[in-house]
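Here's the structure, in structure tokens; my notes come after.
The values are calculated or read from the model by the stated rules, or taken from the named source; none is laboratory data. Small disclaimer: the values here were computed from a predicted structure and weren't measured. FYI the Cβ positions are ideal-geometry reconstructions off the backbone, even for glycines, and counts take in every protein chain you see. Side chains are part of the model used for accessible areas, which takes the heavy atoms of the whole protein and leaves out ligands, DNA and RNA. Shrake-Rupley method; radii C 1.70, N 1.55, O 1.52, S 1.80 Å.
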Amino acid sequence: MESATSRLLASAIQVSQGAEAKVFKAYLHPCEFASSSTSPSDASDGRTPILLKYRFHKHYRHPTLDTTLTKARVAGEARAIIKCLRHGVNVPGIRMVDTAQGVLGLEWIDGKSIRLLLGGGAEGEDETTEEETEDDSHEIEEEDPFDEYGISEDDAMRMIGTEIAKMHRADIVHGDLTTSNMILRHPSSAKGLQLVLIDFGLAYTSTLAEDKAVDLYVLERAFASTHPASELLVASVLKAYQEHMGKEWLPVSKRLDDVRLRGRKRSMVG
Amino acid sequence: MPGRVRKRSPLKLPERPYIALGLEGSANKLGAGIIRHDKDGSTTVMSNVRHTYITPPGEGFLPRDTAQHHRDWALTVINDALKKAAVSLHEIDCICYTKGPGMGAPLVSVALVARTLSLLYKKPLVGVNHCVGHIEMGRQITGAQNPVVLYVSGGNTQVIAYSQQCYRIFGETLDIAVGNCLDRFARVIDLSNDPSPGYNIEQEAKKGKRLLPLPYATKGMDVSLSGILTSTEAYTTDKRFRPNGDGEDIITPQDLCFSLQETVFAMLVEITERAMAHIGSKEVLIVGGVGCNERLQEMMGIMAKERGGQVFATDERFCIDNGIMIAQAGLLSFRMGFQTPLSKSTCTQRFRTDEVHVAWRA
Ligand SMILES: Nc1ncnc2c1ncn2[C@@H]1O[C@H](COP(=O)(O)OP(=O)(O)O)[C@@H](O)[C@H]1O
Ligand SMILES: [Mg+2]
């Protein structure tokens with residue numbers, strides 16, 4: 001059975017494969033599909049792109065489990081995003097929802113993820129032994145990737161803290177705060193420079209300081225594991241967060257201390 | 001991707017062959033293994049001997065009895081390893097032992113053996129982190145270069161990736177370890193501990209038909225498993241539960257093993273996939289005792305294939321706790337100039353994977 005959603009997917013081009021979904025860029029103009037022999041990525045004609053987040057069938061898990069999870073995640077993500085939008089948190093707008101097919105259509109954000117901008121990722125992919133000689137001339141001058149956005153690294157960290165605080169004040173817990181799930185929107189786009197939170201598949205509503213603290217703890221660990229020696233960056237994030245949380249900061253801060261302690265004490269019995 | 005540059009390994013090729021003895025006893029397996037690193041960079045497993053302390057069905061292993069088992073078997077297992085490798089202790093370069101993490105009394109009993117041999121034969125000691133042992137042996141056997149590692153055993157559940165001379169923990173269990181979860185359920189339904197409760201759960205699960213709903217609890221790259229264990233146990237008091245399985249609309253122990261495995265493994269594969277997506281890696285390596293579960297390997301393989309990647313796993317000789325992995329990790333750090341002085345040759349029950357300086361990698 002060919003649905004509108006599957007036609008749209010077929011016309012789209014894949015831009016990446018995230019943690020649980022394939023992500024496509026598409027255009028919401030069905031009439032243009034027939035004539036488009038050119039690549040759909042040509043945005044030059046002024047059409048606005050959208051992002052399709054396709055939670056494809058995961059063959060590794062039991063089909064019943066897969067169907068339940070996919071439906072719940074698509075609907076949950078849409079719900080959390082709508083709630084964020086209502087509270088003025090920077091998130092992508094919603095363009096379409098199809099829980100049966102596992103597809104969510106979102107506003108396309110022009111920019112780069114914070115993980116890419118901070119340069120974290122797998123390393124030492126190709127380790128060489130000492131025989132393989134290799135010249136060290138690849139050490140070119142490093143450019144600050146944030147220059148293009150007209151801000152400093154620290155400014156970006158403060159924007160992250162501010163946005164998370166806005167989200168938490170709306171009682172939304174993200175559930176997967178990593179630097180991959182934050183995009184810095186390019187200043188040249190219509191809405192200008194923004195820090196946009198994405199990927200609400202694990203988000204839920206909670207008023208508990210404990211849940212918000214765990215959200216921050218996940219973020220701290222994501223920084224520590226992906227971006228070594230990033231303590232100062234995290235400090236900036238938390239400072240801005242604190243400023244924007246107002247009197248809600250104190251209970252969260254207390255729980256955060258507890259959560260950190262629990263993390264370190266977690267039993268590591270072989 | 002930024003940061004992905006070719007780096008030169010700090011580990012120099014050995015100027016002569018090196019041989020290490022590894023001793024492991026952090027849980028109910030006592031292992032002794034002998035490894036050799038040759039001048040051409042090759043590695044040879046010369047021997048790998050293990051003896052497991054097996055308790056009666058329904059019973060776990062207690063620290064005191066486990067330590068006693070290790071003391072009783074130490075000489076036999078070590079002599080056997082030396083004989084199979086056809087070397088004497090005089091030819092060995094260093095004695096590697098598990099410093100932690102693990103159960104206190106068993107760890108201490110094996111460390112004592114290591115210290116005694118060190119003094120008798122005047123050989124340097126190398127204290128090894130058990131988890132790093134699993135990772136290094138897995139990399140050695142499978143040839144995986146820089147994989148995301150899923151470390152799943154009786155006491156640990158972690159998603160790990162290497163960066164800047166450290167095995168960093170991206171995700172882990174928030175409560176009990178997966179092996180512990182499976183073992184405890186095996187005890188509830190009185191499965192045998194021989195060869196291991198996990199192995200018997202896997203066999204029972206193959207006969208299960210019905211997927212029962214269980215709480216699915218992933219939180220970012222972390223998982224929580226205690227709720228699942230409680231819910232699975234609760235089904236054994238359900239009025240549809242039939243230990244010997246006859247009739248319509250019933251729940252059998254096999255169904256429960258099947259449901260438990262399907263749910264828990266789906267969670268583990270999901271958090272591994274999250275870590276792979278986050279750091280942009282296409283290789284997965286599964287290590288630790290639960291890593292020999294073929295259903296887990298199969299599920300991980302499908303996930304990796306759907307991402308254009310590959311899974312690496314080892315069989316029970318290297319997955320289940322063993323001495324050779326301690327020898328391998330220990331010899332790598334010994335070749336980087338690391339030794340554990342006698343006065344510091346203690347054990348520690350808590351020893352996190354990310355506390356180790358991985359000097360031998362770029
Ligand atoms: N609205 C968007 N605009 C542009 N790129 C996006 C958008 N949403 C996601 N992406 C890109 O796709 C990747 C995966 O999307 P994400 O929602 O995080 O899915 P997953 O749950 O699979 O991680 C992101 O890391 C980001 O690079
Ligand atoms: Mg994501």
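Taking 24 Å as the limit for the C-alpha separation, the pairs A:K53/B:K219; A:K22/B:K207; B:K29/B:K282; A:K25/A:K71; A:K58/B:K239; B:K29/B:K207 exceed it in the case of A:K22/B:K207; B:K29/B:K282; A:K58/B:K239; B:K29/B:K207. What do you get for GluC sites (Glu not before Pro) in segment B:51-137 restricted to DSSP loop and a cutoff of at most 15 other Cβ within 10 Å of the site's Cβ? The qualifying sites are B:E59. Put B:K39, A:K83 in order of accessible area, highest first, and with a 1.4 Å probe you get B:K39, A:K83. Residues B:S345, B:S42, ordered by accessible area of protein heavy atoms at a 1.4 angstrom probe radius and largest first, appear as B:S42, B:S345.
Note on B:H90: accessible area approximately 130 square angstrom, rounded to 10, probe 1.4 Å, nucleic acids and ligands left out. Shape class of segment B:283-362 from the Cα gyration tensor (axes a ≥ b ≥ c, square roots of the eigenvalues): prolate, since a/c reaches 1.5 or more and a/b is larger than b/c. Taking K and R as +1 and D and E as -1, what net charge do the other residues with C-beta under 15 Å from the C-beta of B:D190 add up to? So the surrounding residues net to -2.
Which sequence of B:D246, A:D258 reflects their accessible areas, 1.4 Å probe, from the largest down? Provide the component values of the computation, followed by the final result.
Numbers: B:D246 125, A:D258 75 Å².
Greatest to least solvent exposure: B:D246, A:D258.
Lys and Arg at +1, Asp and Glu at -1: add these up for the other residues within a Cβ distance under 9 Å of B:P57 and post the number. Walk me through the numbers before you get to the answer.
Values: positive: B:R187; negative: B:E59, B:D190, B:D194.
Around B:P57, the surrounding residues sum to -2.
If the cut-off is 19 Å between C-alpha atoms, which lysines fall inside it for A:K247, apart from same-chain ones fewer than 8 positions away? Of all the lysines, those that pass the test against A:K247 - Cα under 19 Å, at least 8 places apart if same chain - are A:K166, A:K212, A:K239. Counting only protein heavy atoms and using a 1.4 Å probe, the accessible area of A:R158 comes to about 70 Å². Here the label points at A:T67 and A:S253, each 7 Å from Cα along the C-beta direction, are separated by 5.0 nm in the simple model. Using only the alpha carbons of segment B:144-298, what is the convex hull's orientation-averaged projected area in square nanometres? With every direction weighted equally, the projected area is 9.2 nm². Within segment B:270-288, the residues that become at least 50 Å² less accessible when every protein chain is included than when their own chain is isolated (1.4 Å probe; DNA, RNA and ligands ignored) are B:E273, B:R274, B:H278. Within segment A:62-98, what residues put their amide N at less than 18 Å from the label point 7 Å along the Cα-to-Cβ vector of B:D238? Correct set: A:62-66, A:68-69.
The heavy atoms of B:K219 present about 100 square angstrom of accessible area, all protein chains included, probe 1.4 Å. Short-range pairs are left out: with C-alpha atoms under 8 Å and at least six residues apart, the relative contact order of chain B is 26 percent. Computed over the Cα atoms of the protein assembly as shown, pair by distinct pair, the Kirkwood hydrodynamic radius stands at 26.3 angstrom. In the protein assembly as shown, what % of DSSP beta bridges are antiparallel (nearest 5)? The antiparallel proportion sits near 75 percent. Summed over both chains, the area buried between A and B is near 5300 Å², taken from the accessible surface of protein heavy atoms with a 1.4 Å probe. Computed over segment B:1-61, the P(r) tail beyond 18 angstrom holds 60 percent of alpha carbon pairs. Taking 22 Å as the straight-line reach from the Cα of B:K344, the lysines in range (excluding those fewer than 8 positions away in the same chain) are B:K99, B:K122, B:K123. Taking every protein chain into account, the accessible area of chain B amounts to 38 square angstrom per residue (probe 1.4 Å).
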